[in-house]
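The values are calculated or read from the model by the stated rules, or taken from the named source; none is laboratory data. Note that the coordinates shown come from a computational prediction; the quantities given were computed from them, not determined experimentally. Glycine also receives a Cβ, built like all others from the backbone with ideal geometry; neighbour counts cover every protein chain displayed. These area figures cover heavy atoms from the full protein model, side chains too; ligands, DNA and RNA do not enter into them. Shrake-Rupley method; radii C 1.70, N 1.55, O 1.52, S 1.80 Å.
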Amino acid sequence: MSYSEALHNLMDQYKDCNLLLPAASEAQLNPFYKYHVEVVPVDLTETSGDVFKVGSVRQVDNNGNDVYIDTYALSKPLLNKMAMAAGIQFNPKETYGERVDKYTYRAHAQGAIRKADGTARTESDQKEICLLDEEEKYKIEFAEKASKGIEDWRQANAAAEIFKGHWEDVYDRYGKVKMNNRGYPVKKFVIDEVDRDRYVERSVMVNMALLRKTWAEKAMTGAKMRVIRALLGTKGTYTLAELRKNFAVPSVVFSPDYSDPIVRQAMLQQAAGSVTNMFGITQIAPVQRIDFDTEASTFDAEADIENPAFISDRELDDAEDYQAPEETQYIPEPEPEPVQEAPAPPQPVQRAVNPAPKPQQTAGYTCCGCGKTIGKNVYDYSMRVHKKALCMDCQKKEKGRNRR
């Protein structure tokens, strides 16, 4: 049976499912392999976490009227179940994370899936999280929520206990008041202008405190999810009608004639070296612990992490990556050439047995509290937090005075 015939048989058999099978050219099926299809159901309840809403699309109904249909993206738990069903494996050598600088973390992932001819198809991608960019996104999000209103009832009720504001009705696209499942009108909480800046600042600090703890995990998860979407060829978004169908994930399994001793020996070698056949022999690099810097604040953001009033609607793992990447052959980027600094002017040769260590370079900034010379990084941080140039010791004193 050819690959095309087997594909058509699978499509007919699982026509009531979302069949995930990347396109391939005409190929003869290897007699040592067979198709194995696993069905992955989708739980559409609100607490399942299998899908999340990302927007809506406009469609025309049978009467010619415009209707808006909600669209959903596949979340991490569902994609992981589909990856297990498809037999996707990640290369431990090419799946790692690295800290680019103080504010940026980048994760790389490489996965592979076995094709019908016994070979492996690999896909690589990366996910980068910049704390400065995420901080700006949080500011925009919470500023919009403060002015337009908080619709989520848990977030709205929690915010009403802390900040001043008023309640308003929520209207749909057609100008009608939205109704909840119990038949009551949906209300939103709009924060007054006197408290909006305080709400935005506090919400950003809470979410950034949580992000600093988990940005490495979020970056690695995002890179893996991109690879899974590329290997499975999933769509970016689905409607509820499409998600009510189960996902049928075909995979190729090793199924030879066990009565032949030569084939039986080959089967044992194949089963023992599945990862080696895909990626080759690799050595897992030791995990390095990274100490992350945290910025000081005038209040304890850790105590408000669980407060619903400051919950962000953004999902870094999924919401920004719900569009499936294009299935193109991965070409590794060339390593950047080292930047050559301009040669320094010639200096007179000084011979010393034990040269003194080079002092830390400063930019001529002076602490306005004690007059001590400080570096540029300390100056930038102090100006951003305390609005004046202070050394580290004076910053601690300033922080203590603010708390009192």
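Each 10 Å bin from zero holds the following percent of Cα-Cα pairs in segment 134-190: 22, 47, 26, 4. Sorting Val227, Val67 by solvent-accessible area of protein heavy atoms yields Val67, Val227, largest first, with a 1.4 Å probe. In summary, the convex hull built on the alpha carbon positions of segment 74-116 has an orientation-averaged projected area of 4.3 nm². Summarise the accessible area of segment 210-255 (1.4 Å probe, protein heavy atoms) by the percent that is carbon and sulfur. Carbon plus sulfur share of accessible area: 51 percent. Going by accessible surface with a 1.4 Å probe and the largest first, Ile262, Ile311 read Ile262, Ile311. Computed with a 1.4 Å probe over protein heavy atoms only, the accessible area of Arg226 comes to about 50 Å². Using only alpha-carbon positions in segment 106-254, the gyration tensor eigenvalues give semi-axes of 41, 24, 11 Å once each is multiplied by 5 and square-rooted (largest first). Diagonalising the gyration tensor over the Cα atoms of segment 37-147 and scaling each eigenvalue by 5 before taking the square root yields semi-axes of 32, 28, 13 Å, largest first.
Note on Arg196: accessible area approximately 60 square angstrom, rounded to 10, probe 1.4 Å, nucleic acids and ligands left out.
Of the residues Met220, Met82, Met179, ranked by 1.4 Å probe accessible area with the largest first, the sequence reads Met179, Met220, Met82.
Solvent-accessible surface of segment 57-97, taken per residue with a 1.4 Å probe and all protein chains present: 56 Å². Each peptide in 183-195, 241-253, 199-211 receives the mean, over its residues, of other Cβ atoms within 10 Å, and ordering these scores from highest gives 199-211, 241-253, 183-195.
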